[in-house]
Amino acid sequence: YDPFDFSIAKLNLENRQRQEKSRFVSQPKNIKKKDIFTSKNLNPLDFYCSPVFLSNFLTSSGQILPREQTNLTLKNQRLLAKAIKRCRAIGLI
């Protein structure tokens, strides 16, 4: 690993890049965002043994992404957070 990977400077750089990306990609406000779990009729808690899938909902520092970025409903966001915490507890993430 490079020491830069664990520095505050890298986190600031990633935040700045994410903000720039979201600024240029503006969605019309009348388009509904789709929840992937609801559309496929899945339960997020079933994925607690799939760290590769759950890593899509984490930042590079391991924090859970907010609902605005994951496009999940409140219920599914809570269940996803619980699944990620379970995955951490058993040592997969």
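The values are calculated or read from the model by the stated rules, or taken from the named source; none is laboratory data. Please read these numbers as outputs of a predicted model, since none were measured by experiment. Glycine gets a Cβ as well: all are built from the backbone with ideal geometry, and neighbour counts include every protein chain shown. Note: areas computed on protein heavy atoms with side chains; ligands, DNA, RNA excluded. Shrake-Rupley method; radii C 1.70, N 1.55, O 1.52, S 1.80 Å.
So is residue 59 touching an Asp or Glu at 6+ places or on another chain (Cβ under 8 Å) and at pLDDT below 95 or not?
On the way: touching an Asp or Glu at 6+ places or on another chain (Cβ under 8 Å): yes; at pLDDT below 95: yes.
Considered against the rule, which asks whether it is touching an Asp or Glu at 6+ places or on another chain (Cβ under 8 Å) and at pLDDT below 95, residue 59 comes out as yes.
Check whether at least one residue in the range 10-19 is open to solvent by 60 Å² or more (accessible area, probe 1.4 Å), at pLDDT below 85 and farther than 21 Å from residue 86 by Cα, and report yes or no. Break it down stepwise before answering.
Taking the range 10-19 and keeping what is open to solvent by 60 Å² or more (accessible area, probe 1.4 Å), we get 11-13, 15-19.
With the extra rule that they be at pLDDT below 85, the set shrinks to 18-19.
Pick out the ones that are also farther than 21 Å from residue 86 by Cα and you get 18-19.
Scanning the range 10-19 turns up at least one residue that is open to solvent by 60 Å² or more (accessible area, probe 1.4 Å), at pLDDT below 85 and farther than 21 Å from residue 86 by Cα.
When you scan the range 40-61, how many residues do you find that are part of a helix (DSSP H, G or I) and open to solvent by less than 80 Å² (accessible area, probe 1.4 Å)? Steps first, please.
Pass one, the range 40-61, residues part of a helix (DSSP H, G or I): 44-47, 51-57.
Right, trim to open to solvent by less than 80 Å² (accessible area, probe 1.4 Å) and you get 44-45, 47, 51, 53-55, 57.
Total satisfying the criteria: 8.
Taking the range 62-93 as the region of interest, how many residues are under 27 Å from residue 7 (Cβ atoms), part of a helix (DSSP H, G or I) and either open to solvent by less than 100 Å² (accessible area, probe 1.4 Å) or touching a helix residue (DSSP H, G or I) at 6+ places or on another chain (Cβ under 7 Å) (or both)?
Narrowing the range 62-93 to residues under 27 Å from residue 7 (Cβ atoms): 62-66, 68-70, 81, 84-85, 87-88, 91-93.
This time we only want the ones that are part of a helix (DSSP H, G or I), so: 68-70, 81, 84-85, 87-88.
Among the residues that remain, those that are also either open to solvent by less than 100 Å² (accessible area, probe 1.4 Å) or touching a helix residue (DSSP H, G or I) at 6+ places or on another chain (Cβ under 7 Å) (or both) are: 69-70, 81, 84, 87-88.
Within the range 62-93, residues that are under 27 Å from residue 7 (Cβ atoms), part of a helix (DSSP H, G or I) and either open to solvent by less than 100 Å² (accessible area, probe 1.4 Å) or touching a helix residue (DSSP H, G or I) at 6+ places or on another chain (Cβ under 7 Å) (or both) number 6.
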